[in-house]
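The structure follows.
The values are calculated or read from the model by the stated rules, or taken from the named source; none is laboratory data. Here the structure is a predicted model, which means the values were calculated and not measured. All Cβ positions, even for glycine, are placed from backbone atoms using ideal geometry, and neighbour counts span all protein chains on display. Just the protein is used for accessible areas: all its heavy atoms, side chains included, with ligands, DNA and RNA removed. Shrake-Rupley method; radii C 1.70, N 1.55, O 1.52, S 1.80 Å.
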Amino acid sequence: MYRGVKILHDPVRNKGTAYTEAERDYLSLRGLLPPRVHTPSDQELRVLSNIREKPTDLERYLYLVALQDRNETLFYRVVMNHIEEMMPIIYTPTVGKACQEFQHIFRQSRGFYVSIEDKGRVKEILQNWPHKNAKIIVVTDGERILGLGDMGAGGMGIPIGKLALYTACSGIHPTHCMPVMLDVGTNNESLLNDPLYNGLERRRVRGDDYDELVEEFITAAQEVFPGVLIQLEDFGNTNAFRLLAQYRNQVPLFNDDIQGTGAVAIAGVIGALRITGSELVDQKILFLGAGEAGIGIADVFVAALAEQGIPADEARKRCWFVDSQGLLVSSRESMAEHKKPYAHEHPPLASLLDAVKTLKPTAILGLSGQPGTFTREVVAAMTEINERPIIFALSNPTSQAECTAKQAYTWSDGRAIFASGSPFDPVKYNNQTFVPGQGNNAYIFPGVGLGAIVSHASVITDEMFLAAAHSLANLVNESDLERGRVYPPLSRIRSVSAKIAYDVAKMVYDQGLTDKVEPDDINAEIQEYMYRPVYPHYA
Ligand code: NAD
């Protein structure tokens, strides 16, 4: 145990002004701190007032990052006690802005960088990570950050933010979390022209070179941190689908943009059906955007119908896609592999509005990254077809949402059941207050990750995500639904995550997807594992 100024500079052990009188003597801290001992609540108050005085969310983000670097326990205390206020700062939408500005706001390095130039020595450099018991890695190559595109090395903000959510939402210990950026270059011209850009100054590597780096990284990660759970994050869709297919049966690995999004969106649809009173099998979903998110959601929908005995082919026919080329139809000349199962026989249609009018969907889900695409006409057409149209504008960050909450409620005369990817404030319309749900992946991945970590899952299956979707939908209560809210408030996120973790862990033990023996009490095991931001006592 070190003492004195060293302990004040260690974010894991630092308690700042909260060191007790006895600790100040024991740790040789006399004189190094102002005399008055403060409680963690006092410190929390100080942090909150500082954050709230900042003029912009990016400033708030920077303040919080600095706090995380200085006093991790206090950082998590503030984030967890004020999760609804802090999540939009440490994650979408503010984290998007932080990634765009990454090279300009850079102060202190966090996370781990593996670049294409490290090929051949990835295992060796992984030994430099200070925490030897990493249990979860969130890794990106920065190619498709939120709906913002290629941010190169600036994409590191996303794994950092997601792992902070793992800790805050499901209690994964901060030292078990490892954010990784695979720097394979960037095709973003403005980054390449920026002298302050801090990633590799080169265009993106593709093909064998790229694949070899990913293979080396995944193999080395499993060797250095045996059994580590790997979450693929914000990869471009040409790589995302194939990397998931390649590694999902080899190591514990999932792609949150595909599988996590699938689960959270279908949970929202199931929640919406509790308002409309209709059944999942009777839904026809029209997606705007046929990328990772859209296809991921459709796949979970198909899996949910399979549970009800509907064959996959039939279930897929209830999912339609409009992408940048119009309605996805089988006569299209060429299309990416992941789109093929959802390309149905139909004459081509150019616009979303035409598709709504022709196909008469019960739900439209926006995952295109294109703002303003759920127009007044589209919402009005959905309202003409459905008593309660389901309209989810899921693109992130807020600036990319297909429509705003206010637009959805006003253009549908208050009948839309609306959810979004980034948060929107409640909307007053016709003397009613609507509370839009946020289809935030943070409802799903922390719980799935916790369940997988606690049970030492050897692989992560689609069934686990479907189970998570059902758990989440069941945790929405009647008063949430009355206000149009299809997700529970984020303030309940810890208990939501613990329930999802239980369901996932139970599935892992029941299906023998682990070499660990099932404990007598899975819930107790989960609760015991969960990190809480409480200072240790020294003396
Ligand atoms: P992606 O790049 O894999 O796919 C984007 C899709 O949008 C592609 O199919 C593309 O053809 C289509 N598209 C582009 N322009 C279009 C246009 N004008 N009209 C119709 N379609 C168009 O990206 P992704 O991973 O699928 O993510 C898409 C969006 O969904 C992003 O904004 C992302 O932030 C958001 N997202 C939200 C959540 C959530 O709310 N929980 C989760 C994941 C992703």
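Just to verify a number: what accessible area does R388 come out at with the full protein assembly present, 1.4 Å probe, Å² rounded to tens?
Roll a 1.4 Å probe over it and R388 shows about 80 Å².
Continuing with the same structure: Past 26 Å, Cα to Cα, is the threshold; run K54/K162; K317/K506; K97/K406 against it and keep the listed order.
K317/K506
With the full set of protein chains in place, find how many percent of the accessible area of region 290-402 is carbon and sulfur; take the probe as 1.4 Å.
It is 49 percent, rounded to a whole number.
Can you list which of the trypsin sites (Lys or Arg not before Pro) found in region 166-261 are DSSP loop residues with at most 16 other C-beta atoms within 10 Å?
Qualifying residues, ordered by number: R202, R203, R206.
Can you check how the C-alpha radius of gyration of region 182-295 compares to 2.2 N^0.38 Å, as a plain ratio?
So region 182-295 has a normalised radius of gyration of 1.40.
Right, another one. If you average the sequence gap of Cα pairs under 8 Å that are 6 or more apart and divide by the length of the chain, what percent do you get for the contact order?
Relative contact order of the chain: 14 percent.
Using a 1.4 angstrom probe on the protein heavy atoms only, line up S368, S330 by accessible area, largest first.
S330, S368
Considering only protein heavy atoms, what per residue accessible area in square angstrom results for the chain with a 1.4 angstrom probe?
40
Tell me, what does the Kirkwood hydrodynamic radius of region 387-465 come to in angstroms if you use every pair of distinct C-alpha atoms?
14.3
Probe 1.4 Å, all protein chains in place: accessible area of D462 in Å², nearest 10?
D462 exposes around 80 Å² with every protein chain in place.
With a 1.4 Å probe and all protein chains kept in place, how do K506, K123 rank by accessible area, largest first?
Result of the area sort, largest leading: K123, K506.
Something else about it: What number, rounded to the nearest 500 deg cm²/dmol, is the helix-based mean residue ellipticity at 222 nm of the chain, given -39500 (n - 2.57) per DSSP H run of at least four residues and division by all its residues?
My calculation for the chain gives -13000 deg cm²/dmol from helical runs alone.
Tally Lys/Arg at +1 and Asp/Glu at -1 over every other residue whose Cβ is under 12 Å from the Cβ of L165; what's the total?
0
Could you list which residues have their amide H under 5 Å from that of H344, counting only those 5 or more apart in sequence or on another chain, with H placed in the peptide plane?
S330
Roughly how tilted is helix 72-81, in degrees to the nearest 10 and between 0 and 90, from the longest Cα axis of the chain?
Compared with the principal axis, the helix lies near 40 degrees.
Around P489, under 11 Å between beta carbons, what's the net of Lys plus Arg minus Asp minus Glu among the other residues?
So the surrounding residues net to +1.
At most 11 other Cβ atoms within 10 Å and a DSSP loop assignment: could you name the GluC sites (Glu not before Pro) in region 326-424 that fit?
E333, E345, E387
Which value, in Å³ per residue, describes the convex hull spanned by the Cα atoms of the chain?
It is 161 Å³ per residue.
Given contacts defined as C-alpha pairs under 8 Å and at least six residues apart, what's the relative contact order of region 279-352, whole-number percent?
Relative contact order here is 31 percent.
What is the antiparallel percent of DSSP beta bridges lying wholly in region 264-392, to the nearest 5?
15
Counting residues in region 121-238 as N, plug N into 2.2 N^0.38 Å and put the Cα Rg over that result.
Dividing the Cα radius of gyration by 2.2 N^0.38 Å gives 1.07.
Continuing with the same structure: Using a 1.4 angstrom probe on heavy atoms only, work out the carbon and sulfur share of the accessible area of region 432-539 in %.
Within region 432-539, the accessible surface is 50 percent carbon and sulfur.
Classify region 312-470: rounded, prolate or oblate, from the alpha-carbon gyration tensor (a ≥ b ≥ c, eigenvalue square roots; a/c under 1.5 rounded; otherwise prolate if a/b is larger than b/c)?
Here region 312-470 falls in the oblate category.
When only the heavy atoms of the protein chains count and the probe is 1.4 Å, how do T56, T140 rank by accessible area, highest first?
T56, T140
Just to check, using Stokes-Einstein with a Kirkwood Rh over alpha carbon pairs, what's the diffusion coefficient of region 1-92 at 25 °C and 0.890 mPa s in µm²/s?
176
Could you report the accessible area of W411 in Å², rounded to 10, computed with a 1.4 Å probe on the protein chains as they sit in the structure?
60
Any idea what the relative contact order of region 281-412 is, in percent, if you count C-alpha pairs under 8 Å spaced at least 6 apart?
25
Work out how much length T56 to Y429 would gain on full extension: take 0.36 nm times their residue separation and subtract the Cα-Cα distance, in nm to one decimal.
Gain on stretching T56 to Y429: 131.5 nm.
Let me ask another. Compute the Cα gyration tensor for region 43-131, then decide on rounded, prolate or oblate, letting a ≥ b ≥ c be the square roots of its eigenvalues: rounded whenever a/c is under 1.5, prolate when a/b is larger than b/c in the other cases, and oblate in all that remain.
The shape class here is prolate.
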